[in-house]
Amino acid sequence: MNKEKYIKTLLDKYLDGETTAAEENALRGYFANPGNSIPDEWLPYKALFAYVEEERASAEERRENTSANKRSQRAARRFKTLAISAAAAAAIAVLVITHGHGRFDDYAVIDGKVCTDQQTVNEEALEALQIVSSDYDDSFGALEMMKN
C-alpha cells in the first residue's frame with residue numbers, strides 16, 4: 001500500500017474515531033513533515049493536526065508551569081509556617097523571661113487555697129516544720145524502750 005492510500009485509510013479511521021494512539025502519531029507526523037506533498041483536499045487535516053499539536057504543546061507548558069507554581073506555593077507556605085512558628089516561640093520566650101521571673105515563688109497553697117500573703121505563708125511554714133521536727137531525746141528514748 002502506498003503512502004497516500006495508507007494516510008487515506010488512517011484519515012477514514014480517524015474520522016470514525018477508531019484510530020490508535022500510534023496511528024494518530026503517524027498522521028501528525030505525516031502532516032507535520034514539510035517534505036510530504038499533501039493533496040489540496042487534505043490541507044484542512046494538515047491545519048487540524050497542526051492545531052492539535054500546538055494545543056498539546058501549550059497544555060504541556062501549562063502543566064509544567066502549574067506544577068512549578070504549585071511547588072513554589074508549597075515552599076512559600078512552609079516558609080511562612082516556619083516563620084510564624086519561630087516568631088511565636090520568640091514571643092513566648094520573651095514573655096517568660098520578662099514577666100515570668102519570680103512569679104512562681106510568690107504564693108503557697110494552704111488547705112487547697114492559694115495564699116499570697118507573705119506573713120501567713122511564713123507562719124504556716126514554721127508551724128509545719130515544728131510538726132515534723134522531733135526532739136533529740138525523744139528519738140533515743142524510743143530506742144531505749146525497744147531494748148527493754
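Any read-out appearing in this document is the output of simple, stated calculations on the displayed coordinates, not a laboratory observation. None of the values given here were measured: they were computed from a predicted structure. So basically every Cβ, Gly included, is an ideal-geometry build from the backbone, and we count neighbours across all protein chains shown.
In order along the range 112-123, the phi-based Karplus estimate (6.51 cos²θ - 1.76 cosθ + 1.60, θ = phi - 60°) of 3J(HN,Hα) comes to x, 10, 7, 10, 10, 6, 4, 5, 5, 4, 5, 4 Hz; Gly and Pro are listed as x. Of the residues Leu10, Asn65, Ala76, the one whose Cα sits farthest towards the positive end of the charge dipole of the range 1-84 is Ala76 (charges of +1 on Lys and Arg Cβ, -1 on Asp and Glu Cβ, taken about the Cα centre). Coordinate range of the alpha-carbon atoms in the range 50-97 per principal axis, descending: 70, 7, 5 Å. For Cys115, the residues whose amide H sits under 5 Å from its own are Ala108, Val109, Ile110, ignoring neighbours fewer than 5 places away on the same chain, with H placed 1.01 Å from N.
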